[in-house]
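Just below is one structure, and these are the notes that go with it.
The values are calculated or read from the model by the stated rules, or taken from the named source; none is laboratory data. Every value quoted in this text rests on a predicted model; they were computed, and no experiment measured them. Cβ: placed from backbone, ideal geometry, glycine included. Neighbour counts: every protein chain shown. The accessibility values were calculated without ligands, DNA or RNA, using every heavy atom of the protein model including side chains. Shrake-Rupley method; radii C 1.70, N 1.55, O 1.52, S 1.80 Å.
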Amino acid sequence: MRDPTAFLGEEYRDLVRQDLDWRLRVLGGPSTPWCVVDGKKVLMFCSNNYLGLSGHPRLKAAALEAVKTHGVGSGSVRPIAGNMDLHVELEARLAKFKGADASLVYQTGFAANSGLIPQLAGKGDLIVSDELNHGSIIDGVRLSQAERRVYKHGDAEDLSRVLDEAERESPQFRRILIITDGVFSMDGDIAPLDRVAALGSEHGAMVYVDDAHGEGVLGEGGRGIVSHFKLTRDKVQVEMGTFSKAFGVVGGHISGSRDLVNFAYNKSRTWLLSGSHPPAVAAACIAAIDVLESEPEHVKRLWENTRYFKKAMADLGFDIGKSETPITPVMVGESSKAKKLSSKLFEAGVFALPIVYPMVAQGKARIRTIMNAALSKEDLDFAISAFEVAGRELDVISKIAP
Ligand code: PMP
C-alpha cells in the first residue's frame with residue numbers, strides 16, 4: 001500500500017534539490033547588534049528590530065513585572081476569559097499614539113490581515129491590491145469571496161485605471177477595498193499612500209494600509225506612514241501594523257474608527273478563536289510605546305545610520321536600488337552570486353541574508369540589509385568594509401571606488 005505521507009519527504013527533497021529550502025540559522029542569545037548566530041559572533045544586519053527595542057531595559061522590566069503580577073499565560077481567548085487589563089491598556093495607548101479613535105491588537109500581523117480582510121470585503125465586493133503586497137494580505141484576500149484585481153506595484157495611475165475599469169464593467173460592486181503595504185519589504189520603497197488615499201476618496205473606496213515596516217520608522221516620532229503623509233483617518237480607514245518589528249515584541253494591530261474596531265473584533269475569526277497574548281507581551285508593547293514617546297533618539301539614530309550606510313555603499317559603487325527607508329537592498333543579480341556574497345559576509349562577521357528567486361524575480365537577487373538604531377559608526381564601518389572586500393571578490397561593485 002502506498003504511504004500516504006510519502007509526499008512530505010518527496011516535496012522537501014525537491015526543494016533541497018532546487019536549493020529552495022530554508023536552512024534555519026540559530027540565534028544563540030538576544031537580537032543585539034553583535035550577536036551569536038550558529039555559534040559565531042556576527043554583526044546583525046537583517047533583523048526587523050529596527051530600533052533595538054527587543055533588548056531595551058524598560059521593555060524587559062515591564063515583561064518581567066507582568067509575569068510577577070499576571071502570570072505567563074492569559075488563560076483563554078479574549079472574548080471568553082482572556083481579556084486582561086493589560087490588553088485593554090495597550091489598545092488605549094496605541095490608539096492615542098496613532099491619533100486614532102480606537103485600536104485592536106491581534107496575536108500577530110499575519111492574524112490581523114488574514115482575519116480582517118475577508119470580513120471587510122465579501123461576495124459582490126471588489127478588492128484592489130498592489131502586486132507586491134505581503135503574503136499575509138494575499139492570504140487574507142484569498143479567504144475573501146470578493147473579486148480581486150491587482151494594480152502595478154506602487155503605481156497610482158494603474159490603480160486609477162483598475163478602479164475606472166471596475167466601475168465601468170461592474171457598477172454594482174457593493175464595496176471597494178484598496179489594500180497596500182506602506183513600506184515594501186523587498187525594495188524598501190514607500191507606497192504613494194497620499195495618491196492612493198485620494199483615489200479611494202474619489203471612488204468611494206475604503207483604504208487599508210499595512211504599515212509593518214513603516215511603524216517606528218516613518219512619520220512623527222515613528223508613528224508610521226499615515227503620519228508621514230499627514231493623512232486623515234477619513235482617507236485611510238484601516239491602518240494595520242505589527243509589534244514584531246520596530247516595537248521589538250510581537251503582535252498585530254489595527255487602528256481607525258471605533259466602528260472599525262467593534263466590527264473587527266466581532267468578526268475576525270483569528271481574533272475570536274485564538275488565545276490572547278501572554279501578559280508579558282502586552283506589558284512589553286506598552287513599554288515600547290512609552291519608549292517611542294519619551295526617547296526620540298532611537299528613530300533619529302536609525303535614520304542617521306541609514307543615511308550613513310546608504311551613502312557609503314553608493315560611493316563604493318554598489319547598486320542599492322530605490323529604497324527610501326532603512327531597508328537597503330544590495331543588488332547582485334544572480335541567485336547563486338547573492339548566496340555566495342551572503343556566505344562571504346557571514347565568514348567576515350556580518351549576518352545579512354540573500355533574497356533570491358522565487359521571493360524576487362529571476363536576475364533580481366540581492367542581499368537585503370535592514371538598518372538598526374543600536375549599531376555604532378564603528379559597527380557600520382566594519383560592515384561596509386566587509387561588503388567592499390566581498391563585493392570586489394565577487395565582482396558586484398560596478399565602478400572603482402574614488
Ligand atoms: N505585513 C508585512 C508587510 C510584513 O512584513 C509582515 C512580517 N513579515 C507581516 C505583515 C506579518 O506581521 P507579523 O510578523 O506580526 O505576523
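Kindly indicate whether any position in the range 263-278 is part of a helix (DSSP H, G or I), over 20 Å from Leu143 (Cβ atoms) and within 16 Å of the ligand (Cβ to nearest atom). For the range 263-278, residues part of a helix (DSSP H, G or I), over 20 Å from Leu143 (Cβ atoms) and within 16 Å of the ligand (Cβ to nearest atom): absent. Taking residues in the range 40-51 that are among the small types (Gly, Ala, Ser), and partners anywhere that are open to solvent by less than 10 Å² (accessible area, probe 1.4 Å) and assigned to a strand (DSSP E or B), the pairs with Cβ atoms closer than 8 Å and at least 6 places apart or on different chains are Ser47/Ile370. Of all the numbered requirements in (1) within 23 Å of Pro278 (Cα to Cα); (2) open to solvent by 50 Å² or more (accessible area, probe 1.4 Å); (3) of a type in the set (Asp, Glu), Asp3 misses one, and that requirement is (1).
Among the residues of the range 290-300, are any in a loop (DSSP other than H, G, I, E, B), open to solvent by 30 Å² or more (accessible area, probe 1.4 Å) and over 23 Å from Ile137 (Cα atoms)? Taking every residue of the range 290-300 in turn, at least one turns out to be in a loop (DSSP other than H, G, I, E, B), open to solvent by 30 Å² or more (accessible area, probe 1.4 Å) and over 23 Å from Ile137 (Cα atoms).
Applying the set (1) at pLDDT 95 or above; (2) of a type in the set (Gly, Ala, Ser); (3) touching an Asp or Glu at 6+ places or on another chain (Cβ under 8 Å) to Ser398 leaves exactly one unmet item: (1). Go over the candidates Ile355, Ile367, Ile327, Ile286 one by one and state the one that is among the aliphatic types (A, V, I, L, M) and farther than 19 Å from Leu43 by Cβ. On inspection, the qualifying residue turns out to be Ile286.
Out of Asp139, Asp211, one residue alone is touching a helix residue (DSSP H, G or I) at 6+ places or on another chain (Cβ under 6 Å), more than 26 Å from Arg93 (Cβ to Cβ), at pLDDT 95 or above and acidic (Asp, Glu). It is Asp139. Among the residues of the range 241-262, just one is away from the ligand (no atom under 16 Å from the Cβ) and closer than 25 Å to Tyr50 by Cα, namely Gly256. Is it true that Glu91 is open to solvent by 30 Å² or more (accessible area, probe 1.4 Å), in contact (Cβ under 8 Å) with a residue 12 or more places away in the chain and not assigned by TED's automatic domain parsing to the domain that holds Gly29? Judged against the criteria, Glu91 is not a match. Residues in the range 94-109 that are in a helix (DSSP H, G or I), out of contact with any Lys or Arg (no Cβ under 8 Å at 6 or more places or on another chain) and open to solvent by less than 50 Å² (accessible area, probe 1.4 Å): Leu94, Ala95, Gly109. Tally up the residues in the range 16-42 that are touching an Asp or Glu at 6+ places or on another chain (Cβ under 6 Å) and buried (at least 16 other Cβ atoms within 10 Å of the Cβ), please. Final tally of qualifying residues: 1. Filtered by the rule that a residue be open to solvent by 30 Å² or more (accessible area, probe 1.4 Å), closer than 17 Å to Val238 by Cα and among the polar types (S, T, N, Q), the range 110-146 gives a lone residue, Gln119. Among the residues of the range 48-77, those identified as buried (at least 19 other Cβ atoms within 10 Å of the Cβ) and either over 18 Å from Val105 (Cβ atoms) or within 16 Å of the ligand (Cβ to nearest atom) (or both) are Asn48, Asn49, Tyr50, Leu51, Gly52, Leu53, Ser54, His56.
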